[in-house]
1. Considering only residues that are open to solvent by less than 40 Å² (accessible area, probe 1.4 Å), aliphatic (A, V, I, L, M) and in contact with a Gly (Cβ under 8 Å, 6 or more places away or on another chain), look in the stretch A:250-264 and name the one that is farthest from A:Thr96 (Cα to Cα).
2. Test B:Val324 against the criterion of being part of a helix (DSSP H, G or I), open to solvent by less than 40 Å² (accessible area, probe 1.4 Å), at pLDDT 85 or above and within 30 Å of B:Val109 (Cα to Cα), and give yes or no.
3. For the stretch A:71-168, please list each of the helices (runs of 4 or more DSSP H) lying entirely inside it that holds at least 2 residues being of a type in the set (D, E, K, R) and surrounded by 15 or more Cβ atoms within 10 Å (Cβ to Cβ).
4. If you take the residues of the stretch A:279-292 that are more than 9 Å from chain B (Cβ to nearest Cβ) and in contact (Cβ under 8 Å) with a residue 12 or more places away in the chain, which of them is least open to solvent (accessible area, probe 1.4 Å)?
5. Can you say whether B:Glu287 is touching a Lys or Arg at 6+ places or on another chain (Cβ under 9 Å) and open to solvent by less than 30 Å² (accessible area, probe 1.4 Å), as far as the supplied structure shows?
6. Only one of these is more than 10 Å from chain A (Cβ to nearest Cβ), in contact (Cβ under 8 Å) with a residue 40 or more places away in the chain and surrounded by fewer than 24 Cβ atoms within 10 Å (Cβ to Cβ): B:Asp275, B:Asp301, B:Asp307. Name it.
7. Answer yes or no as to whether B:Thr244 is part of a helix (DSSP H, G or I), over 30 Å from B:Val310 (Cβ atoms) and free of Cβ contacts under 8 Å to residues at least 40 places away in the same chain.
Amino acid sequence: MSTSIADSKHHTADQGPEQTVSRLGEGPLGGRVVTPAGLAWRRFRRHRMAVFGALIMLGLLLYVVGGALIWSESYANLTATGKRLSPPSLEHPFGTDQVGRDVLARTIYGGHISLLIGVAAVMVSLTFGVLVGALSGYYGGWIDSILMRFTEAMFSIPSLFLLIVMSKFFSGRIPTFDFFGRSFSGSVVVIIVVIGLTSWMYLARLVRANFLSLKERDFVLAAHCLGVPNRRIILRHVLPNTMAPIIVAATLGVAGAILSEAYVSFLGLGVQPPTASWGNMLENAYTYLESAPWLWFFPGLLTVLTVLSINFIGDGLRDALDPRSLQ
Amino acid sequence: MTEYIIRRTLQAVPLLFIISIILFVLMSNMGDPLATLGGRQPPRGEDRLRLERQLGLDQPFYIQYIYWLVGNDWRMVDTTGDGVPNAYGTRRGILRGDWGTSLVTRRPVLEMIGERLPNTLLLMGTVQVVVILVSLGIGIYAALRQYSLVDNVVTTGAFIGFSMPIFWLALMLMYIFAVNFKRWGLPYFPTVGMYDPMVGKTVPQVLWHMVLPVTSLSLISIAVYSRYIRASMLDVINQDYMRTARSKGLAERAILWQHALKNASLPLVTLVGLDLPLLLAGAVVTERIFAWPGMGRLFLDHVERIDTPVLMGILMLVSLAVVVFQLLTDIVYTWLDPRIRYR
């Protein structure tokens, strides 16, 4: 499915944009100039669920960014044991937690961490997955055998177990550090790396499969004949042609990473307090199942909304970037 | 086909070796297993050294791996902890059926797993059966009435289902059906354990305690499964051979169950093939929340104590199951769809 979109992109690069434009410009879309990206955007906008997801995402971003302007991080980490476990009120709309911190402010700063982890972990898994997939798909032979056996082995270990073992493996190895004037617990980096290192396998297989079919194409052969070095062929000729499925997988990967963070932090092996994340706000919240439902309700709800909206967006992107759904 | 099965089985052997090496590397660097052994006071100095030697933890990583793999009864080891090898080891290694001994409880790993496995299989097996039955019903119904109200609810529900962390769903269910039902004076579901110790482990007790965990585990999987079943049914019911079957005058029921479902069940087989081996592993998070004494909790408890033999045992068992079920899935494919051939 990726190869045909790949084709149109490739021709754009090789034969100048005019031809693509005129080819797509005629026909059912009328005389307007349409680029592949424009076409994808048009299809995305028609996808009701995707637009809905994008709107929720926008609202969530407003919430975590705007909220940070109103409440400071020190307020979010401020403990006031006198007011511990007080139910939602005007002063604390989402109530306070076991040590009297404001849950609303913590969901805002926890949101930063959870979203950061989601995006950064996908960056790690993208780097790793694309690297492994590209190398083994392009070069084949023994490189392929070794890398794919390793990928398969990692795939055969249930992911949550691997995640737990890996976070235990890396935990406590990175100290607290300052970044953009905020101090982050080293566990944030640990969890990013761990989630990245446990989720690249699917991407690697996807990229490998696309490389296997693309490398047999004439334009790669042509590049070879022109003496283009392998590195450049991989990066400039083959990789751009397999971007569409990578983008979709990466988008859905963000949702997966946020969920993974929630699971690991819920088990107490993820982000360590006082840094808040939606996952660690839920840690041990079940001991307050009865007495303080606001503790676990709000961070959980925000996680569900975020993951849901990203899944909607990813689904929309899949349809929008799929050339078979050309209308 | 036979040749294919033999080749795949032979390929599985190095795969399991790679898995065991990856896991062993990770585990031997997870932390200090001795730190929690002495209770509140971790062993120090001489004691610590002696313990390390007795447990073989002073050996380099590859030696520990070899001992775990093939045992150490062929080599002199230090059983007194004085630094001098004095007797042959007693371990036989996992390849000869010895899964090792827990560092924490000093009991054989296989025995500990054997205790928990039935509990987990009871819970997860029930979940799997519920999920397959319910999602087949929902998925087929939604596919036959595409874009109807039910279909839209299913599609949206599926998205919500796989966007939801299971612990949050579990907490919500507990809050509604245990906490609030109790508050309102309705019969409420228990949230902790397998049975009430006051009553004992009777069948109704266990069933009653299974309701909430099974519901939370099933709901999410039903969402995922029914979406796949709907999609593959939609794929199949528009095929030419369905029209042929109709024009032959076959009953609608026969068409649905024999022609459509058999072909549409390929993705279902894939899903089940991926999920069945995980039944052994149990549900780490769910078992933790509902205090269900299964494999997932065994794993979590021993991760905290860095009890490598137990963790290795659980993970190798599950990985083995994953590999075996992958092969089984491929074989079932050929039965379901004779167009698929393996070479």
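1. First, pick out the residues of the stretch A:250-264 that are open to solvent by less than 40 Å² (accessible area, probe 1.4 Å): A:250-251, A:253-262, A:264.
Okay, now just the ones that are also aliphatic (A, V, I, L, M), so A:250, A:254-255, A:257-259, A:262, A:264.
After this cut, where a residue has to be in contact with a Gly (Cβ under 8 Å, 6 or more places away or on another chain) as well, the list is A:254-255, A:257-258, A:262, A:264.
Values: A:Val254: 29, A:Ala255: 27, A:Ala257: 27, A:Ile258: 24, A:Ala262: 20, A:Val264: 23 Å.
Residue satisfying both the conditions and the ranking: A:Val254.
2. On the way: part of a helix (DSSP H, G or I): yes; open to solvent by less than 40 Å² (accessible area, probe 1.4 Å): no; at pLDDT 85 or above: yes; within 30 Å of B:Val109 (Cα to Cα): yes.
No; evaluated as a whole, the condition is false for this residue.
3. Numbers: elements: A:73-76, A:103-139, A:141-156.
So the answer is A:141-156.
4. The initial filter retains those residues of the stretch A:279-292 that are more than 9 Å from chain B (Cβ to nearest Cβ), namely A:280-281, A:283-284, A:287-288, A:291-292.
Next, from what is left, pick out any that are in contact (Cβ under 8 Å) with a residue 12 or more places away in the chain: A:280-281, A:283-284, A:288, A:291-292.
Numbers: A:Asn280: 16, A:Met281: 27, A:Glu283: 48, A:Asn284: 64, A:Tyr288: 48, A:Ser291: 77, A:Ala292: 1 Å².
Out of the qualifying residues, it is A:Ala292.
5. Details: touching a Lys or Arg at 6+ places or on another chain (Cβ under 9 Å): yes; open to solvent by less than 30 Å² (accessible area, probe 1.4 Å): yes.
Yes, satisfied.
6. Values: B:Asp301 fails: in contact (Cβ under 8 Å) with a residue 40 or more places away in the chain; B:Asp307 fails: surrounded by fewer than 24 Cβ atoms within 10 Å (Cβ to Cβ).
Going through B:Asp275, B:Asp301, B:Asp307 in turn, just one is more than 10 Å from chain A (Cβ to nearest Cβ), in contact (Cβ under 8 Å) with a residue 40 or more places away in the chain and surrounded by fewer than 24 Cβ atoms within 10 Å (Cβ to Cβ): B:Asp275.
7. Details: part of a helix (DSSP H, G or I): yes; over 30 Å from B:Val310 (Cβ atoms): yes; free of Cβ contacts under 8 Å to residues at least 40 places away in the same chain: yes.
So B:Thr244 fits the description; yes.
One line per residue, one yes/no per condition, for (1) open to solvent by 20 Å² or more (accessible area, probe 1.4 Å); (2) over 30 Å from B:Ala291 (Cβ atoms); (3) within 14 Å of chain B (Cβ to nearest Cβ):
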site	(1), (2), (3)
A:Tyr202	yes, yes, yes
A:Leu206	yes, yes, no
A:Ser213	yes, yes, no
A:Phe219	yes, yes, no
A:Pro229	yes, yes, no
A:Ile233	no, yes, no
A:Thr242	no, yes, no
A:Phe266	no, no, yes
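The values are calculated or read from the model by the stated rules, or taken from the named source; none is laboratory data. Because the structure is a prediction, the values reported are computed rather than measured. Neighbour counts run over all protein chains shown; Cβ positions are idealised from the backbone, glycine included. Quick note on the areas: whole protein, heavy atoms, side chains included, nothing else; ligands and nucleic acids left out. Shrake-Rupley method; radii C 1.70, N 1.55, O 1.52, S 1.80 Å.
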